[in-house]
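**Student:** The structure is given below, and queries will be raised subsequently.
Values in this text are rule-based calculations from the coordinates and carry no lab data. Computed from a predicted structure; not experimentally measured. Neighbour counts are summed over all protein chains in view; Cβ atoms, including those assigned to glycine, are modelled from backbone coordinates with ideal geometry.
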């Protein structure tokens, strides 16, 4: 088991494993998302309160979920990179950040599109989830900006990992204070999460979408890591040999 | 080991604090310019908005707080930039004293030089915004905790961006999202107090946040400086 992880941390081994896995991940993700979208948009019954407008949750919820999960993943790989000095972990952090930022943006956009018919406005400051999601986006953008500003790759890896960790330990506090702040607003709590339990015919497409998008994210992440590894290891022998083999 | 080279960690920390304070007070423009910026911009706001007394006292706390944070962000890079320029920072890192303690001393000196003057002129701005005397007192308490927490967080930001030239904006970009809880509790406590709700919960939160930041900021800054310098 440990041997497997040690092997996985070597860029060369990882590269070949990723190359084999990526097509499967994309196919599986596409199948699940197809199932989820078709069932969610056409076969799930309309909500008794929100009508057809609720169907945007099939995109909104998975992307909001992923925006959180990707930050957690980045925090874990930051710790692994800082403590055990595994270079591949840093490559994962860098590759995950833009995808995380996009999912956060997607969650924000779909959230406000949903909010237009439900709340009557594109943006509702009284909703803690929307507001924390915005701060989440700022955290991602700050990380990306910092990464881009440090020319030395090795330094950039470590310094931006520290930033991710500081962000990660502050996220619960940010979330708590935003919730405290919004609890002072009035009249915005008409649509809290939970509410009436979701019907199974609505739930299955949602789960399919969450798993499908997560698997699609894994495929995307591996593709980006491959590019990152290529860029970082471009002077090593195995890359040169691989390119020579491909050229033949 | 030479006896004279041995300096206790406490002594070294106080010496660092004293040195940094003197350093700031020998370069008054570094302190005064952000302070002046804070004062001028905040005092310029009433020109842009409705100046009825109700409106001003309602918006005042939030505006003063956001301006305090903005002007404070401008001072953050002073924490390490001068020491980095003249090479002192390398000696500080290489000294046998615990680096997080020395950094804590630097943070405290930065707060004394930037935070306290800002707190001292905030009552005048409070009066410009037609705030009551007791509300101004509440604002001062929130600013005391808030600026200290900002110094601590800002030290992390400044040390992470230490190897980048002209990193002022970048430091603000990475610190601002993390500093939002300070802004929320700082400004909101004053507004709540104005509507007759006790300010104690806000004080509790801000002081707890200070303690929390105190527990990780010196260590995070120390490791970031070590990485940034090699």
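**Student:** Using the alpha carbon gyration tensor of segment B:147-218, what are the three equivalent-ellipsoid semi-axes (square root of 5 times each eigenvalue), largest first, in whole Å?
**Tutor:** Values: eigenvalues 159, 36, 8 Å².
That gives 28, 13, 6 Å for the three semi-axes.
**Student:** For chain A, compute Rh as the Kirkwood radius over C-alpha pairs and then the Stokes-Einstein diffusion coefficient at 20 °C and 1.002 mPa s; write the answer in µm²/s, rounded to an integer. It would help to have the intermediate numbers written out before the result.
**Tutor:** Details: Rh = 20.1 Å.
Calculated translational D: 107 µm²/s.
**Student:** In addition: With each run of n ≥ 4 DSSP H residues scored as -39500 (n - 2.57), what mean residue ellipticity at 222 nm is computed for chain A after dividing by its residue count and rounding to the nearest 500 deg cm²/dmol?
**Tutor:** Numbers: 8 runs with 191 residues, N = 248.
-27000 deg cm²/dmol, from helical runs alone.
**Student:** Here is a further query. What is the Cα convex hull volume of the protein assembly as shown when expressed per residue in Å³?
**Tutor:** On the way: hull volume 92.7 nm³, N = 478.
Taking only Cα atoms, the protein assembly as shown has a hull volume of 194 Å³ per residue.
**Student:** Also, quick follow-up: Would you please state the base-10 log of I(q)/I(0) at q = 0.08, 0.10, 0.13 1/Å for segment B:87-230, with intensities from the Debye formula using one equal scatterer on every alpha carbon?
**Tutor:** One equal scatterer on each Cα of segment B:87-230 leads to -0.26, -0.39, -0.63.
**Student:** While we're looking at this one, here's another question. Taking the alpha-carbon centroid of each part, what is the distance from segment B:4-63 to segment B:65-99 in angstrom?
**Tutor:** The two parts, judged by their Cα centres, are 15 Å apart.
**Student:** Taking each residue of A:173-181 in turn, how many C-beta atoms of other protein chains fall within 10 Å of its C-beta, and what is the average? Can you show the working numbers first?
**Tutor:** On the way: counts 9, 6, 1, 3, 9, 3, 0, 7, 7.
Average neighbour count from other chains, rounded to a whole number: 5.
**Student:** Compute the orientation-averaged projected area for segment A:1-112 from the convex hull of its Cα atoms and round it to one decimal in nm². Mind dumping the intermediate values first?
**Tutor:** Details: hull surface 35.7 nm².
If you wrap the Cα atoms of segment A:1-112 in a convex hull and average its projections, you get 8.9 nm².
**Student:** Quick one: A:132, A:67, fewest Cβ neighbours within 10 Å first, how do they rank?
**Tutor:** On the way: A:132 20, A:67 23.
Arranged by neighbour count, lowest to highest, A:132, A:67 become A:132, A:67.
**Student:** What is the distance in Å between the Cα centroid of segment A:129-172 and that of segment B:128-194?
**Tutor:** After rounding, the separation between the Cα centres reads 19 Å.
**Student:** Let me know the mean shielding of A:156-164 by other chains, meaning the per-residue number of their Cβ atoms within 10 Å of its Cβ.
**Tutor:** On the way: counts 3, 1, 6, 10, 2, 2, 9, 9, 0.
That works out to 5 on average.
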